[in-house]
Structures are given as C-alpha cells and as structure tokens.
Amino acid sequence: MRFFITLTVIVFNVLDAWSQGNVSNLSLEECVQIGLENNLELQRSVLNQENNQANLMEAKGQRYPSLSMTSSYNYSWGRALDNVTNDYLPSSSFGSAGFSVRSNVSLFSGGRINNSINQAAVDLETGELNVEATKNNITLNIVNLFVNVVFAKEQVNVAKSQLEVTSNQLERTRKLVEVGALPISDQYDLEAQNATSNMELTNAQNNLRLAKLNLMQAIQIPYEEEFDVSVPDLEAENYLIGEHSVNEVYAIALALMPEVKAAQLGIESAEYGVKMAKGAYYPTLGFGANASTNFNELYKDVVPFWEQFDGNLSEVIGVNLNIPIFSNLSNKANLQRAKVQKKLSKINVKEVQNRLRQDIETAYTNALSAKQSYESSLLRVSSLNEAFRMAQKRFEVGMINAVDFQVAQNNLFNAQADLLQAKYQYIFSVKVLDFYVGNPLTL
C-alpha cells in the first residue's frame, strides 16, 4: 500500500510540475510518466476496457430471467371492441387501461450463453494485456527519444569544444600574422575552419532542438523553448549485454511480453466463438410467465377499478422449445466465419512471435555492433587526441601549416562524434534487451 501511495505522490508531483511549466530539467522517469498520462492511444485502450467490461456484464446477464412491465391507456369512440367481454360495442366513447408483467428465462441454449461469457472474460483479459503492451511501446519510444536528446547535447558540447580550440588558434594566428611570424594564408585557412566549426555547432544545436521537439511530441506537451532533460551519468562500461543468447532472450520474452499473451488469448477467444456458432445448431429451451389485466370505464359504476383489475387478471406460464431445421445457411456461414477467425488468430500469434524475435535479433545485433564500434572508437579517439595534441604544439611553433592542423582537428572531431553515436546506440540496445528479459526501463 505504501508503494502505491508513494507512486501516486510522484505522479502528481510530476504532473503538477509540468502543469506549472516546469519542463527545464525533466528526468527520464518524469518524461515517461507525462507521456503515459497524455498518450491518447493509451487512453483509448483504457476506455476500450470499459467496453469489454460491459460486454462481460451483458454476457453474464443472459443467465438471469428477464422481467418487463407494460401499461397502457386507450380512449375509443365509434364502434369499438370491449376488452372485457370481447364483444363489439355500438357507437360510444370510453376509456380503458391495461397492465401486464412478463418474464422469460433461458433453460438451454446450446452452450452459447456460457461460451459468450467465457469469450467476454478472455477478451477482457486480452484488453488488459493490450494496455500493458501499449504502455511498453510508449515507454520504449520515450527512452529512445530521451537518449537521442542526451546524445545531441553531448554533440553540442563536442562542437563547442571544437569551436573554442579553433577560435583560440585563430586569435593566436592573427597576432602572429600581424608581426609577420606567419603568412596571411594560415589566417585565412583558420578563418575558414572557424566558420566551419561555427556551422557544425549550429547544426548540432539544430539537431538538439529537433531531438527535444521529437521528445516533446512523444510525451504530447506543447513546444517550450526552455524544455530540457537532466543528463544521467551514462557510462557504456556500466551496461552489459548479459549472458543470455538471442534464443534465450527470445524464450524469456515469449513468456513475459503482454502482446504475445494477448495474441495467444485471441486463439482462445476464437475457440469460444466456434463453440457459440456450433451451439446455433442445437435446440433452445426457455421458460416464460405472463400476467395481465385490464379496466374499462364503461363498467366503473358497476364494478370499481380495483375489482375489475382483480377480476380480469390472467396468468400464463409456458415452456418454449425452438428446434432449428433450416436457417437459410446463416448458421453454416457463421460457423465458417468463426473457424476462419480462429485460423487468423493463429496467424496473428505467429506474426507477433516473429516480430518479437526480429526485434530481439535486431537489438542484439545492434548492441554487439555498437559495442565493437565503441571499443574501436575509444582507441581511435585516444590515438587521434594524442595526434591532435602534437599537431597543436607543432602548429604553434610553426612546424606544420594550418591545413595540417585542421586535418588533425577534423579527424578528432569525427572520431568523437562516432564514439558518441556508438556509445548511445549500445546503451539503448542493451536496455532493450534488458526490457525483454523483464528488467525495468531505466538509465
């Protein structure tokens, strides 16, 4: 109970902060909570569950007797039928009233009532699993977009560092050119490189703005210029692919993923549909009861109102047996459709399983590739960083020109960008694999 209270407080705090426009430092958990709260597809799934609950209630209600009451009042003039004596009366005007109560209950329906209840119960459980699957898909998408924002922010930092180095070297070169220590061509080369670094920073900032926009749209909040996320401490070394093989991850996911369970329940629901269609071939047996009475104003002076109601009371009970002989092939057609639906449900299970297996294979392959790229990029950045440091010193003492310095700088910048890309691709792929084995989606 304490857990649910704590969770509720967190959710309300998050939503309250968002409603007050405090979106400048959202964590991943806050983004997920806001996204789940605002997602219209999820709200639609929840509302569909209310329909499923109504369907189950209606199916269970078929077990109970029905009860209806009718009453009427008629005013007649001219030649009319006396509802008491059933004789035609001469031209006259009078009022009459009637009252009846009717009840029916099904005694045997070929199992259709029980099967409809079972099918509705399965559909309700399927709906709950579909809601969970929708939540998982939304969360996975938000995690991916959140990681993209973090990646874009680091790209901006790298571009700023690149621009800072270029700007410092340009300022130093201008001074050396003024005293004649370096040719003016070196200044022009660095000015061009500085402009390129400015453009790369602008591109990185635009990419960050676009990544933020994608995340804001995913959690369905209006665009805010001050929107930002809190960057967690993400080190690739802290994320491990795990000891499970692809087949092992797939086997675990088959037992855990709600979309797989929902698809399998679809077959069970279709089986009840087949049973209901077969039940239409069986006779049905029902029990009914009816009580009715009436009152005629022509006799109100002779027989009072309540005495007429009591004297005209008619009570009937009966058993109804309906034996289907020929239904214009509708029963046969319904059974055929039900069998086709069962086959389609089996195909849907295969599709869901294949899609799950492919997603796991893709995530596993991406994780391995990104890990190898990350490890290679680490060595490459380390080597190029040292190469750039040496190139910078040599450039400062005039041993290399500005073009060679730019080449070393660009090589380092590209290597750093590749390293970041591999790092975040690896982290996200590992989290996807963790998700498929039942671990929480947190960074």
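The values are calculated or read from the model by the stated rules, or taken from the named source; none is laboratory data. None of these values were measured; they are calculated from a predicted model. Please note: Cβ atoms are built from the backbone with ideal geometry, for glycine as well, and neighbour counts cover all protein chains shown. What goes into the accessible areas is simple: the full protein's heavy atoms, side chains included, and nothing from ligands, DNA or RNA. Shrake-Rupley method; radii C 1.70, N 1.55, O 1.52, S 1.80 Å.
Calculated over segment 314-443, the projected area of the Cα convex hull averaged across directions stands at 19.3 nm². A simple count of charges around SER327, restricted to other residues whose Cβ falls under 15 Å of its Cβ and scoring Lys, Arg +1 and Asp, Glu -1, yields +4. Compared with the rule-of-thumb size 2.2 N^0.38 Å for a compact globular protein, the chain has a Cα radius of gyration ratio of 1.73.
Here the spin labels are modelled as points 7 Å beyond Cα on the Cα-Cβ line, and at ILE325 and LEU441 they lie 6.1 nm apart. Relative to the globular-protein estimate of 2.2 N^0.38 Å, the Cα radius of gyration of segment 251-315 stands at 2.69.
Treating r as the C-beta distance of LYS343 and LEU67 and R0 as 51 Å, the FRET efficiency rounds to 0.80. Test of understanding: given the chain, find the longest segment containing no GluC sites (Glu not before Pro) that are in a DSSP loop and have at most 15 other Cβ atoms within 10 Å. The segment 1-223 is the longest one with no such site. With all protein chains kept in place, the per residue accessible area of the chain amounts to 58 square angstrom at a probe of 1.4 angstrom. Across segment 254-263, computed HN-Hα scalar couplings (Karplus, 6.51 cos²θ - 1.76 cosθ + 1.60, θ = phi - 60°) run 4, 8, 10, 5, x, 5, 5, 4, 5, 5 Hz from first to last residue, x flagging Gly and Pro. Here LYS278 is the anchor, and the lysines within straight C-alpha reach of less than 30 Å, apart from those fewer than 8 places off in the same chain, are LYS60, LYS261, LYS332, LYS339, LYS342, LYS343, LYS346, LYS350.
With a cut-off of 9 Å between beta carbons, the residues surrounding ALA291 carry a summed charge of 0, where Lys and Arg count +1 and Asp and Glu -1. Of the solvent-accessible surface of the chain, computed with a 1.4 Å probe over protein heavy atoms with every protein chain present, carbon and sulfur atoms account for 53 percent. When the scattering of segment 95-196 is computed by the Debye formula from its Cα atoms alone, each counted once and equally, what is log10 I(q)/I(0) at q = 0.18, 0.22 Å⁻¹? One equal scatterer on each Cα of segment 95-196 leads to -0.96, -1.09. Distance between the pseudo-spin-label points of GLU224 and ASN136 (7 Å out from Cα toward the beta carbon): 3.1 nm. Each of SER185 and ILE252 was given a label point 7 Å from its Cα along the Cα-to-Cβ line. The distance between the two points is 6.1 nm. Tell me the net charge near MET216. Cut-off is 12 Å between Cβ atoms, MET216 excluded, with +1 for each Lys or Arg and -1 for each Asp or Glu. Every neighbour counted, the sum reads -2.
Against the criterion of solvent-accessible heavy-atom surface with a 1.4 angstrom probe, LYS300, LYS342 sort, most first, into LYS300, LYS342.
Here the calculated FRET efficiency for GLU37 and VAL407, from their Cβ-Cβ distance with R0 = 60 Å, stands at 0.75, rounded to the nearest 0.05. Taking segment 80-218 as the region of interest, the number of lysine pairs whose Cα atoms are within less than 25 Å, with members eight or more places apart or on different chains, is 4.
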